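Asker: Next up is a structure, given as C-alpha cells.
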Amino acid sequence: MSVVNMSSQDKKTDSDPRHEEDQSSTASEDNKQIICLGNNEVKSRAVVKYSAAPPPSSYALLQEKTDLKLPPANWLRENTQLGTAGTTVLGSSRKSKPFSSFGMAYDFIDCIGDDVDVVSDSENIKKLLKIPYSKSHVSMAVHRVGGTLLLDELDIQELFMRSSQTGDWTWLKEFYQRLSDQKWQRKKKSKEHWNEKAILSKFLYYSINSDGTAVPVPSDTEQAAEEGCGTAAEGPSWPATYNSPTTESNESATPKEEQVDTYTLGHVSSVSKEQNLPTLFNEGENSQGLRNDFVRNILWTFEDIHMLVGSNMPIFGGGRYPAVSLRLRDNNKPINVLTGIDYWLDNLMCNVPELVMCFHVNGIVQKYEMIKTEDIPDLENSTFSTRVVKDIAQNILSFLKSNCTKEGHTYWLFKASGSDIVKLYDLTTLCEEAEEEKCQNPFTLPVAVLLYKVASNMMLKKSQNRKNYGTIRTLLLNCIKLLDEERHPQIIASAHYMLAELFQLDDVSEDEGNGESLRGGGSEDSYSDEEEEEEEEEDESCSYSTSFEPQDDSKAVAIIKSVGELSVPEKYKSTHQIRPNCAFPVSQDKEEKCRLVLSYVLKGLKAVDSSIKKESDLPAADPSTPIPLKYEERSQNRTRDVEKEIALLLDRVGPCYEELKVLTRSGMLPGTWQHRMKLQLFLKASKAYYVLSDAATNLLKYGRALRYIKLALQCHDGYCSISGGLHPQVLLFHCQCLSLCGDVQLMLAQNASNRAAYLEEYNYQTKDDQEILHCLHRESSCQAFSMATDLASDPEYQLIVSSKCYEAAHDLLTSGVLKDLGQEQLGQVLKRLGNIRNEMGVFYMNQAAAMQAEKQGGGRSVCMAEQELWKKSFSCFEKGMQDFNAISDSVNTALLLCNIGRLMRICAQAHCVTTSEHSRGEFSPEEALYYNKAIDYYQRALKSLGSRESHSAVWDSVNWELSTTYFTLATLLQDYAPLSRKAQEQIEREVTETMMKSLRYCDLQTESARQPLYQYRAATIHHRLASMYHSCYRNQVGDESVRKQHKALAEQHYSKAVRLFISLSDAPCELLRTLLERVAFAEFTMAGQNSSAVKLKTLTGALEVLCETRHAFKLIHKELLEQQEKIMTPEDLDRPEELHEASDSSSSSELNSEEVLKLTSVFEPSFSFLLLQLIKLSTTSKRKLSGKEEEQVKIYKNVYSRLLRAEKSVPLIQRVSLFMELLDQLKPSTGSDEARPSS
C-alpha cells in the first residue's frame, strides 16, 4: 500500500491489474492533508490502493488563442494518462455504473466489513455531499455488508426503459410514478451539453500532446466521436436480470465454471491454498459493471469517515507541486458553489495539492490560473464552509447507518428534482410485497456473492480474531437467504461448509475458554428488540420518521424532511452500531455444537446432490427409513475375518495420488466443484462424529460412542470412495478414528455387564444421521469398517477388534507418507497397543486362573487348554512390552513384567502335585521353576524402573509382589518339604535364604498403605524361622555347637517376631501364638537342665515371656467387647442368661473366636505348669528363702489357686479378663511390662 504525498502521486502497475503497492504506510504528518479555512479545519488523508495510470507527467501549456473546437492528432487514442477512451470522452464526470462499488469490494475484500465505512464511485460521494446545495435529483442503491455501506447510482429511468422490454420491475415503475406525480420520461441532453463534453475531451488530449499544436482530423471521425458521446451516456449499463437458472448442461459446457474453487481447506485436498470465489458472471456481465474499471482506487479518510473510492480524474505533473488537476472553464460563466465543491472534493480524494484552471471563450483558450486546493472554498462566487461539508458527510453516513440495517437488502436513497425531502426505501421489502409471482432484483446476486466473498476472506484469517465468527455467520446466513438453491447450489453448498467450519472441533477447550467473549445473544438480522425500541425513540427526536400523512411516504424506511438539516452538526449522530449484535452462538455442550455442524453439512450435501445429474437411475432411498446399523453375534472364528478386513482397509486407504478418471457412483465428475465440496463435507461430518464419539466415551456412554465412531468411519469410507488419493492430514485423522474405535471396543469389553443399555444406545438414530447416511450411500456402500464397528457380545472378540484397530493405525503411521508427520500420534498408538495387549494378556491369564479354580476338587494335571491360554497370555504380554519399549515407557514395561510374573505364579500353582487322597503333595520342581521365573520377571521390572523415584506406586507394587513370591516359595518349601529329593539340611538352608530374601524386600521404613502388611509379613517370617530353628533344636542329635546355634537363632527370631507383632494392633492371635511357642521353647530347654538353680532361672524367664501375653489378651478383650456390643440390643440387658450363648456364637472378621479358644486352651495349662514348677522348686530348695522370695511364692500360690478354681464353662470374654487379672498380679514380682519386647 502506498501513501500518496506531494512527491509521488500515482504508481503504475506492471502485470497485476489490481496491484497493491508494498511501501510503508506509516501514518505521519506528511501523509495527511489538513485543509484550514479561518476557524474551519477538516482532516483528509488519501492512500492509493491501486493505480492503473503512469506517474504523472507535465501537462502541455496551451498557447493563447488555441481553438479547442479543432481536435488534436491524438484525440480518442487510448492513453494511460487519461484512462480508457470512454472515460476521456466524458471527462472526469463519467457516468457511474450500477455495480461499480461491487467491483471495488471484490478487489479489496480485506477492507469490507469493519475497516471501511463506505465503498463508492467518487462521483456518488460528491453527489451526496452536494445534496443541500443542489436541486438535482439523487437516486442511489445502498447495500450493507458487515460494517460497510456500498453506494451505487440507481438510474431508475434506465431501469424502467429496460423493464419495458422485459416486463420486470413494473411494480417499481408504478411506485415511482406515484412518488414523482408525473409520467416517467427521459430528459435528453442538449447539443450544447455534448459540445462542452467534446471540448473538454479535446482540451485534455491537447494537454498531453508534446507540441501543443492543433492537428485537424477528418470530419467523419469527429462526428462519429460526438455520436459516440451520446450513445455512451444513454446506452444501457445494467447487467441482465438473473431470471433463469443455469442448467447442468450449461455448467458442464462452460470451462470456467468447471474450474471454480470454492472455499476449501488447503491441507485436505490437492487444490492450491489460494482460495478463489466462484466465477458467477460471464464476460458480458463483467463488462457491464461487475468489475473494478476505475483508473485508481483510493482509501480516503475524511475526518472520521473511512471510504474506499474509485476515481478517473486525470492527474498531471508540473507547477510548484508534482501533482495537479486540470479544469476547463468558460470565461463567461462564473464558478458556482457546486463546481467549487466538485473541484475541492476531487483534489482531496486524490490528494492533489493544486488545481490548474484553463479559461476559454467559445473554445478559444484565454488564460491559465493556479489555485491551491485549500484556497478553493474561498473562490469568488463559490465560497462554502468545509466544516459544513464535513457535517453533511457525517450526517448522511449516520442516517444511512441507522436505517440500512438488514444485510442483503437493497435500499433506495431518493430525492426528486427540486425537492428538499430525502427518502430511504427498502426495495427488497417492497419487492416481496409486490403482487407479481417473481420479482427480480438485479442486485440480489451481486450482494449475495459479496457477502460470500467477505465471509470467505474473513474465514481465511479466522485464526487472527475469533470474535469475527459472529460476523461471518451472519454474512453467510444472509447470503443463503438471498439465493435460490436450484440456481446457485455451489455458493449455498460452500456457505454451509463455511458455517460448519466456524465450529472448531479440533480444540474444544479453547472454544469453551473463549465462550464468554463470543456470547452475548443476537439474531441473524443482527439487532435486537431493545435496539429497535431505541431506534424508534431516535426517530422521534430526529427529522426523519416512518409515518407520514402522504400515502406514498408510508413505504419509506426513513425520511429527511429538509436537506438543510444535513448541515446542522451532529443532527443525525448515530447511536447505533452498524452491527449491534451478531454474536456467535457458543454452546458448552459438545454434542449440541457437533449437531449444528452436521446440520450444515447435511444442507451442503443436499445442495451438491441437487446439482449432480445422475448418469443412471439409482434406486431412490427414502430418507424417513432408517438405515440399520448391523448387529451380529460374533464367534471366535470370525477374528480372521477382522484381520482380512483390516488388511483390505490398509490397501484401500494407502496414500496414492492418482486422480480418478471415471465418474463416481452418483455420476459426479472428478475435479468438479461438486467433487471437491463433497470431499470437504464428508471429512467435516467425519470429524463431527469423531468428536461426538469422544465426548460419549468420556461420559461412559459406550454404545453411543460406538455408533458415532461407526458413522465417522462411514463418512471416511465415503471420502475414500470419491478421492483419488488421501492427503497425509486426512490419514492422520483416520488414524485417530481407528484409535478411538479401538478405545470404545476395549471399554465395551471391560463393561460387558451393561451390554443391554449399550445395545439400545447403539441402535438409536437421529433423522440427520439417517439423511447423511443416505447422502453417503450415493457414493459408497459404507461397509468397509462394518466389522470393526459392530457391537459384539463376546469380550474376547471385542478385545481382538480393538487390537486390530490399533494395529491398523500403527501400520498407517509407520508407512512412508506419515513416517515423519505422525511421530506424536505414533507414540500414543504404541501406548494403546501396549495397553490392549496387556488387557488381552490379563484376559487370557484370568481365564486360565478360572479354569484352574474349577479343577480344585478334581484332578490337578495341566490340560492343553490351560497351556494354550498361558501361551496366548505370554505372547500378548511380550508384544505389549515391545510396544512400550519402543516409546521408552519404563513404567508400563515394569507393569507388564509384573503381570508376566503373576502368570508364572499361576503356572506354578497349576503344577501343584496332589496325592491319591487329594491332599497336597511335596513341593515339585515344576513349581520351583515357575516361581523362580516369576522372581526373575519381578526383578526385571524393578530394574526397568531403576528407582522408587521413577514411579513410587508401581515400584511399591512390584516390590510387594516380589516379596510375596519369595515368601510363598519359602512357605511351600517349609510346609511341603521335598524330602524325597533333598536333604533336610538343604531344605532348611533354602527356606532360610528365601525367607531372608523376602524379608529384604519388606519395606518397613517407608510410610505407606502397605507398611502394616510389610510389618505383618516380616513378623510372620521371623516367627516361621524361629519355629523352624525351634524344631531343629528339638530334633537335632549330635553336634552340640549346631544345637546352640539353632537355639540362639530361634531366640533371636522369636524376639523380632514378638516386637513386630506388638507394633501391630490387629494381630493379637499371632502375638499370643508366638509368645506361647517361646514359652514352650523355654520349657523344652528346662527339661534338659539338671541344676535346680538353672531350672529356676529358666522358669522365671519363661514366666516373664508369658506375662507379655497380657498385651495380646488386652487387644483380644477389646475386640470381644466390640463384638458383643454389635450383637447385643437393649432387650438383651434384661436377659443375662442369653449373654453366654450370644457371646460364644458371635464371630467377626476382625477376630477369630475359635482361634482364641484354641490358644487359651494352650495358654492355661502352660501357665499352670510354670506356676506349679516354680512353687515346687522354690519350696524344695535347700537354700533358705529370703522374705522377698517368700512373698513371690505366696503370689505364685495365690495365682495358681485361682487358676485351678476358675470355672471352665464361663464365656470367653470372662476367661480373658481373668487371665489379664492374674497376669497383673504377677507383674510386680516379675517386673514385666505389658508391652516390653523380649531381648
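The values are calculated or read from the model by the stated rules, or taken from the named source; none is laboratory data. The shown structure was predicted, so the numbers you read here are calculated from the model rather than taken from an experiment. A quick note on method: Cβ atoms are made from the backbone with ideal geometry, for glycine too, and the neighbour counts reach across all protein chains shown. Accessible surface is based on the protein model in full, side chains and every heavy atom, while ligands, DNA and RNA are left aside. Shrake-Rupley method; radii C 1.70, N 1.55, O 1.52, S 1.80 Å.
Asker: Separation between the F1169 and L663 pseudo-spin-labels, each 7 Å from Cα along Cα→Cβ, expressed in nm?
Answerer: 10.6 nm
Asker: Let me ask something additional. Give the shape of region 994-1116 as rounded, prolate or oblate, defined through the alpha-carbon gyration tensor: a ≥ b ≥ c are the square roots of its eigenvalues, a/c under 1.5 means rounded, and otherwise the shape is prolate if a/b is larger than b/c and oblate if not.
Answerer: Oblate, because a/c is 1.5 or more while a/b does not exceed b/c.
Asker: How much length would be gained if the chain were fully extended between S610 and A953, taking 0.36 nm per residue of separation minus their Cα-Cα distance, in nm to one decimal?
Answerer: In short, 117.4 nm is gained.
Asker: Also, quick follow-up: About its Cα centre, how strong a charge dipole does region 1071-1119 have in debye, to the nearest 20, once Lys and Arg get +1 and Asp and Glu get -1 at the Cβ?
Answerer: On the way: 7 positive and 5 negative charges, 18 e Å.
About 80 debye.
Asker: Any chance you could list P(r) for region 906-987, counting all Cα-Cα pairs in 10 angstrom bins from zero, rounded to whole %?
Answerer: Each 10 Å bin holds this share of Cα pairs: 17, 41, 26, 13, 3, 0.
Asker: From the cross-link list K590/K767; K871/K997; K593/K804, which pairs have alpha carbons spaced over 24 Å apart?
Answerer: The pairs that break the limit, which is 24 Å between Cα atoms, are K871/K997; K593/K804.
Asker: What net charge do the residues around E760 carry, taking every other residue with its C-beta under 12 Å from that of E760, with Lys and Arg at +1 and Asp and Glu at -1? Show your work: numbers first, answer last.
Answerer: Working: positive: K701, R704, R707, R755; negative: E761.
Here the charged neighbours net out to +3.
Asker: Enumerate the residues in region 1054-1097 having an amide nitrogen under 16 Å from the point lying 7 Å beyond the Cα of R1034 toward its Cβ.
Answerer: What the label zone holds, given the 16 Å backbone N cut-off, is 1054, 1073-1088.
Asker: Which of the three applies to region 772-871, rounded, prolate or oblate, going by the alpha-carbon gyration tensor with a ≥ b ≥ c and a/c under 1.5 meaning rounded? Please report the intermediate quantities before stating the final value.
Answerer: Values: a/c = 4.04, a/b = 1.82, b/c = 2.23.
Oblate, since a/c reaches 1.5 and b/c is not below a/b.
Asker: Which net charge results for the neighbourhood of L830, defined as the other residues with beta-carbon distances under 13 angstrom from its beta-carbon, given Lys and Arg at +1 and Asp and Glu at -1?
Answerer: Surrounding charge for L830 is -1.
Asker: Hey, another quick one. Please give, to one decimal in nm, the separation of the simple spin-label points placed at M370 and D330, each 7 Å out from Cα toward the Cβ.
Answerer: Rounded to a tenth, the inter-label distance reads 2.9 nm.
Asker: Using a simple spin-label model with points 7 Å from Cα along the Cα→Cβ vector, what separation in nm is obtained for D1224 and E1155?
Answerer: 2.7 nm
Asker: Same structure, new question: For region 1159-1227 and region 302-373, what is the separation of their C-alpha centers, rounded to whole Å?
Answerer: Rounded to whole Å, the Cα centres lie 134 Å apart.
Asker: Further, regarding this structure: Round to the nearest 10 and report in Å² the accessible area of K933, as given by a 1.4 Å probe over the protein chains' heavy atoms.
Answerer: K933 exposes around 90 Å² with every protein chain in place.
Asker: Which distance in Å, rounded to a whole number, links the C-alpha centroids of region 790-832 and region 733-761?
Answerer: Region 790-832 and region 733-761 have Cα centres spaced 14 Å from each other.
Asker: Efficiency by 1/(1 + (r/R0)^6): what FRET value for E1125 and Q765, r their Cβ-Cβ distance, R0 = 51 Å, to the nearest 0.05? Don't jump to the answer; show the numbers that get you there.
Answerer: Values: r = 60 Å, r/R0 = 1.17.
FRET efficiency, E1125 to Q765: 0.30.
Asker: Let me ask something additional. Could you please report the charge total around R948, scoring K, R as +1 and D, E as -1 over all other residues with beta-carbon less than 11 angstrom from its beta-carbon? Write out the running numbers ahead of the final one.
Answerer: Working: positive: none; negative: E949, D956, D1003.
Summing Lys and Arg as +1 and Asp and Glu as -1 gives -3.
Asker: Using the structure shown, list the pairs from K126/K453; K69/K173; K49/K202; K855/K933; K1047/K1118; K173/K481 with a Cα-Cα distance above 32 Å, or answer none.
Answerer: Distance filter (> 32 Å) returns K69/K173; K1047/K1118.
Asker: Oh, and also: Please find the FRET efficiency linking A865 to E591, where r is the Cβ-Cβ separation and R0 is fixed at 56 Å, and quote it to the nearest 0.05.
Answerer: 0.80
Asker: Let me ask something else. Multiplying the sequence separation of S1186 and N932 by 0.36 nm and subtracting their Cα-Cα distance, what value in nm do you get?
Answerer: Fully extending the segment from S1186 to N932 adds 85.3 nm.
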